[in-house]
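In what follows, a single structure is set out as structure tokens and then discussed.
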Amino acid sequence: MNIVKDITVDGPLPKQLDEIFQVVSSQLREFSYLDAESGMFTKVPEYPEFAWKEAITNAVVHRSYSIQGICIYVKMFDDRLVVESPGRLPGLVRISNIRRMHLFRNPRIGKVLTDLEYVRDLGEGIDRMYDEMEKAGLEEPEFIEEDYIFKTALKNRRELREKGIEKGITRLDINKRQKKAIEYIKKHGSITNREYRSLCEVGWDTAHRDLSGLLKMGVLRREGKGRGALYRMIIG
């Protein structure tokens, strides 16, 4: 596994939550699906915002602070996001009854974060996490206990979503040059107007018009401005 980014967050708990929310949000991708009515791609988040924020907040509220030297970890993979928290489930709470049995391991922290509106009413968050994942067409949250670590995993169905995008592209009214450019981007990661002109043997105006069309349909996204702008696939 290649570690792309390793960030440590510390300080008061509300500050930690704000910072980690910002970091995670900046790393999440967007997927797209072809809207049958508009004939254009519509963007959807990799995970429902409520679900991943709830997983992180729960880790802060319910972790065992008596276990020293171990942090809460938020790990992001191609196909899932995993939040690891020191300590097993508290009291009578089990994975089998986690949607019915609710209590704070750390009541004072729970009360403060509830007053600050980081925490929903006790018990509401887990149910809504399930609901939000279902609405997004994703699998239910997965809860795992391993030794002294409790994990929450959210899966993004990346392969199915990308296949859906591929099928959507085949239904669009795009020309042979644009199809050729899409294959080029899949192989090289991006394309510029200059590379498009060379690849398709066209002038600047035609390349600009073709690329703008793919942008408008939501197939590509643009990075940068002017003649040096890069065009990448929406799933990147």
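Computed from the coordinates by the stated procedures, all read-outs in this text should not be read as laboratory data. Remember, predicted model here, so these are calculated numbers, not experimental data. When we count neighbours, we look across all protein chains shown, and the Cβ atoms used for this are built from the backbone with ideal geometry, even at glycine.
Computed FRET efficiency, Cβ-Cβ of Glu19 and Arg227, R0 25 Å: what is it to the nearest 0.05? Step by step, r from the Cβ atoms, then E = 0.10. In this rough spin-label picture, where each label sits 7 Å from Cα along the Cβ direction, the Arg100-Glu139 distance is 2.5 nm. Relative to the longest principal axis of the C-alpha atoms of the chain, give the angle of the C-alpha long axis of helix 49-62, reported between 0 and 90° and rounded to the nearest 10°. Roughly 30 degrees between the two axes. Here the dipole of the chain is about 840 debye; that uses its Cα centre as origin and unit charges on the Cβ of Lys and Arg (positive) and Asp and Glu (negative).
Taking Cα atoms only, the orientation of helix 13-27 departs from the longest principal axis of the chain by about 20 degrees. Taking the chain as a Gaussian network of alpha-carbon nodes connected by springs under 10 Å, the highest mean-square fluctuation of the residues Gly213, Gly11, Gly110 belongs to Gly11. Among Ser25, Ser190, Ser96, the residue with the largest mean-square fluctuation in a Gaussian network model of the chain, with springs joining Cα atoms closer than 10 Å, is Ser96. Which of Gln178, Gln16, Gln68 ends up with the largest GNM mean-square fluctuation for the chain, with Cα atoms connected below 10 Å? Between Gln178, Gln16, Gln68, it is Gln68 that shows the largest mean-square fluctuation. Exposure proxy shown here: for Arg94, Arg63, the number of other Cβ atoms within 10 Å sets the order, fewest to most, as Arg94, Arg63. To the nearest ten degrees, helix 204-217 and the longest principal axis of the Cα atoms of the chain are 40 degrees apart. At 0.890 mPa s and 25 °C, plugging the Kirkwood radius over alpha-carbon pairs of the chain into Stokes-Einstein gives what diffusion coefficient in µm²/s? Stokes-Einstein gives a translational diffusion coefficient of 121 µm²/s. Here is the list for the range 189-236: trypsin sites (Lys or Arg not before Pro) lying in DSSP coil, each with at most 12 other C-beta atoms within 10 angstrom of its C-beta, are Lys225. Helix content alone sets the calculated 222 nm mean residue ellipticity of the chain: runs of n ≥ 4 DSSP H residues at -39500 (n - 2.57) each, divided across all residues, give -13000 deg cm²/dmol. Under 1.5 on a/c is rounded, so check that first for the range 173-233, then, if it is not, pick prolate when a/b is larger than b/c and oblate when it is not; a ≥ b ≥ c are the square roots of the alpha carbon gyration tensor eigenvalues. It comes out rounded by the Cα gyration axes. Less than 5 angstrom separates the built amide H of Ile149 from those of Gly87, all sequence-distant by 5 or more or on a different chain. Once the Cβ-Cβ distance of Asp78 and Asp115 is raised to the sixth power relative to R0 = 35 Å, the FRET efficiency obtained is 0.40. Placing unit charges on the Cβ atoms only, positive for Lys and Arg and negative for Asp and Glu, gives the range 173-233 a dipole magnitude near 120 debye about its Cα centre.
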